[in-house]
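Undergrad: Quick one: this structure, given as structure tokens, is what I'll be asking you about.
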Amino acid sequence: MLQIPPLLFFILICTFGGLFSGFSTFLFRKYTNVKILRSHNEVTGFLFLSLTSFYAFLLSFVVFMVWGQLNETRGNVSKEGSSAMGLYRDIKFYPDTVESKQLMKVYLDFVFNVIDEEFPNMENMKTSRKTFESFDRVFYTMEHLNPKNQFQIQLVAEMFNHLNQLASYRGLRATSMETEIPPPLWFPMICGAIITIICAMLLDIEHTRMHIALNTLLGIFIGMILFIIILLDHPYSGSLGIKPQSYMQIFTMEQWGNELNSKKTIQIK
């Protein structure tokens, strides 16, 4: 469902809400004695106002909750990207070119797996074993560096600092997949939508078409709110999901560096 383009998904969920509400109102008006309802219109209106107020409070609470989780997730992903780029620069300018090239090869393999496999898997709420294994190889290769002086020892310590930060933020990103709205919370939201529509059908509006049109708009509006909640609750899914921009930037920087080295080689020749 989340692989559907957001605009199409928005149209589908709003259309379903509007059709369900409008068609239910049409059937209710057709097979119900309106004269009986007219004497209870004031009580029905008060009940409708009370229920819609509580339901609006429930939806606003859920929206703010998922919005906060989305901002927290984006912040962690941004910090992860900053640590990844910092580690890339540490490796790139490490004085021992032989060891740095070997470490860079392992690190770029990890970055490629993050872009090519891990983030696409997260769209389907899955992890990537291949990426975890490539990240472990980065740790292993870095642990076997052989710094030859105090300056290189300090550089390796800084590289481990960035690597540990990267590991921490990767862990937070992995756990963020488990923070989606639990199914028991969806039950009162769906039931609340149905109860709200039923109460709107009980209102006595003299003009039938006007009653159907208003309830159809109510169903569309409820569909819009549920669309926002679903979209915010899955930050890695769909075309609007979080993307590994910082990891992609690492490959861009590597390409720029290779082009610069090629130009220098041509100038020396």
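Undergrad: Could you go through region 242-265 and let me know if any residue there is at pLDDT 90 or above, in contact with a Phe, Trp or Tyr (Cβ under 6 Å, 6 or more places away or on another chain) and at negative phi.
TA: no
Undergrad: Here's another thing I want to ask about it. Specify which of the listed residues (Thr131, Thr196) is β-branched (Val, Ile, Thr) and in contact with an Asp or Glu (Cβ under 8 Å, 6 or more places away or on another chain).
TA: Thr131
Undergrad: Same structure again: Would you please list the contacts, defined by Cβ atoms under 9 Å and residues six or more apart or on different chains, that run from a residue in region 170-183 that is within 25 Å of Ser83 (Cβ to Cβ) to a residue that is outside any helix (DSSP H, G or I) and of a type in the set (Val, Ile, Thr)?
TA: What qualifies is Arg173/Ile242; Ala174/Thr127; Met177/Thr127.
Undergrad: If you don't mind, there's one more thing I want to ask. Only one residue in Met85, Met104 is surrounded by fewer than 19 Cβ atoms within 10 Å (Cβ to Cβ), part of a helix (DSSP H, G or I) and over 29 Å from the mean Cα position of the chain (by Cα). Which one?
TA: Selected residue: Met104, the only one of Met85, Met104 that is surrounded by fewer than 19 Cβ atoms within 10 Å (Cβ to Cβ), part of a helix (DSSP H, G or I) and over 29 Å from the mean Cα position of the chain (by Cα).
To keep it simple, each residue is scored yes or no on (1) in contact with a Gly (Cβ under 8 Å, 6 or more places away or on another chain); (2) of a type in the set (D, E, K, R); (3) at pLDDT 90 or above.
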site: Glu180; (1), (2), (3): no, yes, no
site: Leu185; (1), (2), (3): no, no, no
site: Cys191; (1), (2), (3): no, no, yes
site: Ile212; (1), (2), (3): yes, no, yes
site: Leu218; (1), (2), (3): no, no, yes
site: Gly223; (1), (2), (3): yes, no, yes
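Undergrad: Here is a further query. Can we say Phe119 is among the aromatic types (Phe, Trp, Tyr), surrounded by 15 or more Cβ atoms within 10 Å (Cβ to Cβ), free of Cβ contacts under 8 Å to residues at least 40 places away in the same chain and part of a helix (DSSP H, G or I)?
TA: So Phe119 does not fit the description; no.
Undergrad: Residue check: is Thr196 more than 30 Å from Leu217 (Cα to Cα) and either part of a helix (DSSP H, G or I) or free of Cβ contacts under 8 Å to residues at least 24 places away in the same chain (or both)?
TA: no
Undergrad: Evaluate region 2-9: report whether one residue or more is part of a helix (DSSP H, G or I) and either without any contact (Cβ under 8 Å) to a residue 60 or more places away in the chain or over 21 Å from the mean Cα position of the chain (by Cα) (or both).
TA: Yes, region 2-9 has at least one match.
Undergrad: Looking only at region 199-227, filter to residues that are touching a Phe, Trp or Tyr at 6+ places or on another chain (Cβ under 9 Å), of a type in the set (A, V, I, L, M, F, W, C) and part of a helix (DSSP H, G or I); which one of those is surrounded by the most Cβ atoms within 10 Å (Cβ to Cβ)?
TA: Here the residue is Ile222.
Undergrad: Another question, if that's okay. Of everything in region 91-101 that's farther than 16 Å from Phe135 by Cβ and in a helix (DSSP H, G or I), which residue is modelled with the lowest pLDDT?
TA: Thr97
Undergrad: Then there is this: Can you name the number of the only condition in (1) crowded, with 16+ Cβ neighbours inside 10 Å; (2) more than 29 Å from the chain's Cα centre (by Cα) that Pro95 fails?
TA: Here Pro95 meets the rest and fails (1).
Undergrad: Name the residue, out of Val138, Val111, that is buried (at least 18 other Cβ atoms within 10 Å of the Cβ) and in contact (Cβ under 8 Å) with a residue 60 or more places away in the chain.
TA: Val111
Undergrad: Take region 158-185 and flag every residue that is part of a helix (DSSP H, G or I), over 27 Å from Pro95 (Cβ atoms) and among the charged types (D, E, K, R).
TA: Arg170, Arg173
Undergrad: Sticking with this one: Search region 158-206 for residues being of a type in the set (Asp, Glu) and in contact with a His (Cβ under 9 Å, 6 or more places away or on another chain), and hand back the single one that is farthest from Phe26 (Cα to Cα).
TA: Only one residue tops the list, namely Glu180.
The values are calculated or read from the model by the stated rules, or taken from the named source; none is laboratory data. Everything numeric here is computed off the predicted structure, so don't read it as measured data. A quick note on method: Cβ atoms are made from the backbone with ideal geometry, for glycine too, and the neighbour counts reach across all protein chains shown.
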